[in-house]
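K.L.:
Got a structure for you, written out below as structure tokens; questions coming shortly.
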Amino acid sequence: MTDHRWTPSDSELSDALRKHYTAPSDPGYWSALEARILAHVARGAHVERWWSALVEMARPALAAAVILVLVAGAAVVHTRQLDARNAYASVISAGPPSVTTAARASSVADGDATLDYMLSH
Amino acid sequence: MRAPIDGAPTERAIVIAAQHGSDEAFSALVRLHQRRAYSVVRAIVLSHEDAEDAVQEGFLHAHRALDRFRPDQPFGAWLYRIMANAALDLVRRRKVRDADELPDNIAIPFRDPAESGELRERLTEALRHLTDRQRAVIVLHDVEGFTHGEIGRTLGIPEGTARSDLHHARATLRRLLQIIRSTP
């Protein structure tokens, strides 16, 4: 018993490929495929139009939101600047408490306490 | 739509009408090119069903990109390039979905290829062992009769690469389809 190796020739391979990849020949098939392609394209175009419309509608809303955020941000910054300016102005106008007055008041209070202690004993 | 002397509009005229939004003109382009488009995508995908999906997707992409097409260029070449890309995208998506391993050996009992559809069955399995590009190249060349240059333009690869892919695809298929026959 002998073994023979059989390898398809290029032409046998091509023939087999042609048979394997034969496109449908029924005209009805192609009409149906055409209808499906056109329906798919129409659906895609519809989705695209709907999406474009949504983007168009969203654009002014987005612009308004951006403006609102900018205005709110500017208001916050302005308020902070105003608060800082007021705080600074209040510090400048009030001035620091007098050290001598404070010291005197303290020594008077200490003197009263000493006098009370002496009288009670 | 402009009509030449014989009454039938030229493809260029149909393309221009489609670019101006004529659904009728786009339908005519589908009718003119769907068979060849099917053949191009069928060379890349593994099944008839996938080929139908890829053709539909390809025509949708073409419809969206129609404004960017220059009518002085050959419409077919432009369309088939889009088709090939749609098919390659579909194959990539399928691969992600069905990430399963293929067996190394194709174990189908031997019957004489001349007497049965044996070679065809084995071929179906053997084609799965080629890369997507090799499969596309050999099918476009052997089945559709594309030249190496046309294959290169359709698949977006250099002509030399198409030539080399064809050589490797043939060698792989012949090796996988090799059969050892015992005779007394």
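No lab work stands behind these numbers, since they all come straight from the coordinates. For clarity, every value in this text was computed on a predicted model and none was experimentally measured. Because the Cβ atoms are built from the backbone with ideal geometry, glycine has one as well, and the counts that use them run over all protein chains shown.
K.L.:
Please work out whether the range A:2-73 counts as rounded, prolate or oblate from its C-alpha gyration tensor, where a ≥ b ≥ c are the square roots of the eigenvalues and a/c under 1.5 means rounded, while otherwise a/b larger than b/c means prolate and anything else oblate?
P.N.:
oblate
K.L.:
Now a separate question. Please give, to one decimal in nm, the separation of the simple spin-label points placed at B:Arg68 and A:Ala63, each 7 Å out from Cα toward the Cβ.
P.N.:
2.7
K.L.:
What translational D, rounded to a whole number of µm²/s, comes out for the range B:117-184 from Stokes-Einstein when the hydrodynamic radius is the Kirkwood one over Cα pairs, at 20 °C and 1.002 mPa s?
P.N.:
D, rounded to a whole number, is 169 µm²/s.
K.L.:
If you don't mind, another one. Skipping prolines and chain starts, which residues have an amide H placed within reach, meaning under 5 Å, of the one on A:Trp6, given they are 5 or more residues away or on another chain?
P.N.:
B:Ile179, B:Ile180, B:Arg181
K.L.:
Give me the inter-chain shielding for B:69-78: mean count of other chain Cβ atoms within 10 Å, whole number please.
P.N.:
If you average over the peptide's residues, the count of other-chain Cβ atoms is 0.
K.L.:
Within a Cβ distance under 11 Å of A:Ser11, other residues only, what is the Lys/Arg minus Asp/Glu net charge?
P.N.:
-3
K.L.:
Please name which of B:Ser164, B:Ala136, B:Thr154 has its Cα lying farthest along the dipole of the range B:117-184 towards the positive end, using unit charges on Cβ (Lys, Arg +1; Asp, Glu -1) and the Cα centre as origin.
P.N.:
B:Ser164
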